[in-house]
Amino acid sequence: MVHEIIGHGVTLASERVAELNRLFGQAVKRTTSSSALEKLSRVYWFTIEFGVLRENGEVKAYGTGLLSSAGELDEMRKAQLRPFDLEAASSEKYDPTHFQPVLFCADSFDDMHQTLRKFLLGW
């Protein structure tokens, strides 16, 4: 409940985040195989759920899984930060029962939004 309200509820107040969620839904509808759906779910995991970006030289969370968990936020500082590469994210395995050891970091919110939007529209 906390995750849904604090994580998703708050972020959906952002028109751009709400748009990305809609685009994910539309991409799911266009997905025709379980392997493609798995790739798309990993992109969702490493962006909407566990997305990070740089702002004024600092790494900040925008993902709902991070924003709704003090433990995840604390552990985020120890994660290996990789460049914001959605193809790489689509192949990265994750374990939802542990803190995330790998995160994909965008250069800015605008960069994340534009890159993810283009990816989803082309899905």
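Observations, loosely collected:
- Spacing of the two label points (7 Å from each Cα toward its C-beta) at N21 and D111, in nm: 2.6 nm
- Annotation: for a label point projected 7 angstrom from Cα along Cα→Cβ of S35, residues of segment 98-123 with backbone N closer than 20 Å are 123.
- Semi-axes of the equivalent ellipsoid of the chain are 21, 16, 15 Å, computed as sqrt(5λ) over the eigenvalues of the C-alpha gyration tensor in descending order.
- Proximal lysines relative to K29, as straight alpha-carbon distance under 30 Å, when same-chain residues fewer than 8 apart are discounted: K39, K93, K118
- At R0 = 25 Å, FRET efficiency that the Cβ-Cβ distance of K118 and D95 yields, to 0.05: 0.30
- Accessible surface area normalised per residue over the chain is 57 Å², counting heavy atoms of protein chains with a 1.4 Å rolling probe.
- Residues in segment 35-43 carry Karplus couplings, in order, of 5, 5, 5, 4, 4, 5, 5, 5, 4 Hz; the curve used is 6.51 cos²θ - 1.76 cosθ + 1.60 with θ = phi - 60°, and Gly or Pro positions show x.
- Of all accessible heavy-atom area on segment 54-95, the percent that carbon and sulfur account for (1.4 Å): 44 percent
- Trypsin sites (Lys or Arg not before Pro) within segment 47-123: DSSP coil, no more than 16 neighbouring Cβ in 10 Å: R77, K78, K93
- Taking L37, L67, L103 in turn, the Gaussian network model of the chain (Cα-Cα springs below 10 Å) assigns the largest fluctuation to L37.
The values are calculated or read from the model by the stated rules, or taken from the named source; none is laboratory data. Values in this document were obtained by computation on a predicted structure and should not be read as measured data. Please note: Cβ atoms are built from the backbone with ideal geometry, for glycine as well, and neighbour counts cover all protein chains shown. Heavy atoms of the whole protein, side chains included, go into the accessibility calculation; ligands, DNA and RNA do not. Shrake-Rupley method; radii C 1.70, N 1.55, O 1.52, S 1.80 Å.
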